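The values are calculated or read from the model by the stated rules, or taken from the named source; none is laboratory data. From a predicted model like this one, the values you see are computed outputs, not experimental measurements. In this analysis, Cβ positions are derived from the backbone assuming ideal geometry, glycine residues included, and neighbour counts consider all displayed protein chains. With ligands, DNA and RNA removed, areas are computed over all heavy atoms of the protein, side chains included. Shrake-Rupley method; radii C 1.70, N 1.55, O 1.52, S 1.80 Å.
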Amino acid sequence: MELTDDLDSENDRDLEDDNPFLKDSLFMKLKMSLTQSKQDLIDKCCGEVRGITEQNEQKDIKNTPESIKCIVAKYLEKEVMLNLKCSCCNKTVTNTVFEEIKDLTSGSHISNRSNTFVFDNSPYQSKDKNCNKESKGQNCNKESEDQNCNKESEDQNCNKKNEVSEEDIIKSIVSNLLLEGGKVKRHNFFDGNEFEQIVTCNGFDDGLSEKRKEIESKLKGLAYESIVNKSKQTQNVLGVDKDNRYFCIEYSQDSIVEVAEILNNEKAKDLNLRVGILKIGESIVRVENVEEIIRVKLRK
C-alpha cells in the first residue's frame, strides 16, 4: 500500500483510528509558542541524532542504535517536546529519530531478532543506567557489569549474558518515544521495509497502540474530573494529548475548570505530568507545577 500524508482513503482513516501515535499533535494544532530555551532543546536533540548517524555513515553501524538510545534518554530527561518542529530541519524530534533509524535499517540485517519485548509500564524513567550522561548522549557507559559475574574469569560470559540485540534497542527507542506521547508520520512507521518488520513483529505495534490508548484514557479521565459544570448534553472534553512532561486538554466553550484539580490529581502524578495547556473555548491557559506550587498563566 502506498502511504501518503493525507487521510483521503478509508484505510488511512482506519489506520489513524487504530494507532493513536499516528494522529496529529494537539500542541501543533494550537500553534503552541515556545521559549527560546525549549526551542534550543529541540534543535540540539535533532542535531545530535543526525550527527550520530552522519558520523557512522562510512563506519560500522553496530553502536549507532545504542548511541541514539542514549541521546533520546538524555533529552527526555531534559523534558524536550517531541511533537514540535526543529527550527533547522522543520521536523519533530520523533520523526527525526524515526527517519534516522529507518535509514540505519534500510538494506541492513539487524542482528539477533527476538521474539518478545517487555514494555515498561511505569512512566519513563530518565536515568538510563546504560548511558553515560556526561558524554552528552553520544557515548554509553560500558562499564556496568553483572555483580554475580566473576570479574577475572567470567567477563566474556557476563558480557554475552548482558548483551541486548540491536532490534531490542530499536524497539526500546520506539517504545520510549511513543509512550511519552511522540507522534509519527505514517510513512516513517509503516515503510514496508526492515523497520516495519521490527515494529510490527509479534504485535509490537499493537501493544504500543493499546498502551497509548490507556494513557489517553487516563488523561481524559483527569480532564473530566477537573470540570465543575459537567453536562450530559454537551461534550465538555474535545481532545487530550501528551508530549513528554507536557499535556494538553481542549474543553468546550462553556466549561468551568478547577485548575488545581488537574495537577493535584494522582493521575497527573502517575502520568508524570508537569506543564499543561488548557484550551477553554478561545482562551488558552498554561498551568505548571513548580515545587508543588501551581502557576497559572492566561494567554490571550
Legend entry - helices (runs of 4 or more DSSP H) enclosed by the stretch 146-235 - at least 2 residues per element that are at pLDDT 90 or above and small (Gly, Ala, Ser): 166-179, 204-225
Legend entry - Only one of Asn272, Asn244 that is at pLDDT 85 or above, among the polar types (S, T, N, Q) and surrounded by 19 or more Cβ atoms within 10 Å (Cβ to Cβ): Asn244
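The rows are residues; the columns are (1) closer than 19 Å to Leu30 by Cβ; (2) under 20 Å from the mean Cα position of the chain (by Cα).
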{"position": "Asn188", "(1), (2)": "no, yes"}
{"position": "Ile198", "(1), (2)": "no, yes"}
{"position": "Asn202", "(1), (2)": "no, no"}
{"position": "Asp206", "(1), (2)": "no, yes"}
{"position": "Val228", "(1), (2)": "no, no"}
{"position": "Gln253", "(1), (2)": "yes, no"}
{"position": "Glu261", "(1), (2)": "no, no"}
{"position": "Glu266", "(1), (2)": "no, no"}
Inset, instruction - Note down all Cβ pairs under 6 Å where the first residue falls in the stretch 30-44 and is modelled with pLDDT of 95 or more, the second is of a type in the set (A, V, I, L, M, F, W, C) and open to solvent by 30 Å² or more (accessible area, probe 1.4 Å), and they're at least six residues apart or on different chains. - result: Asp43/Cys88
Inset, instruction - Can you tell me which residue among Lys69, Lys102 is surrounded by fewer than 20 Cβ atoms within 10 Å (Cβ to Cβ), closer than 24 Å to Thr200 by Cα and at pLDDT 85 or above? - result: Lys102
Legend entry - Sole exception among (1) in contact (Cβ under 8 Å) with a residue 60 or more places away in the chain; (2) open to solvent by 10 Å² or more (accessible area, probe 1.4 Å) for Val228, by number: (1)
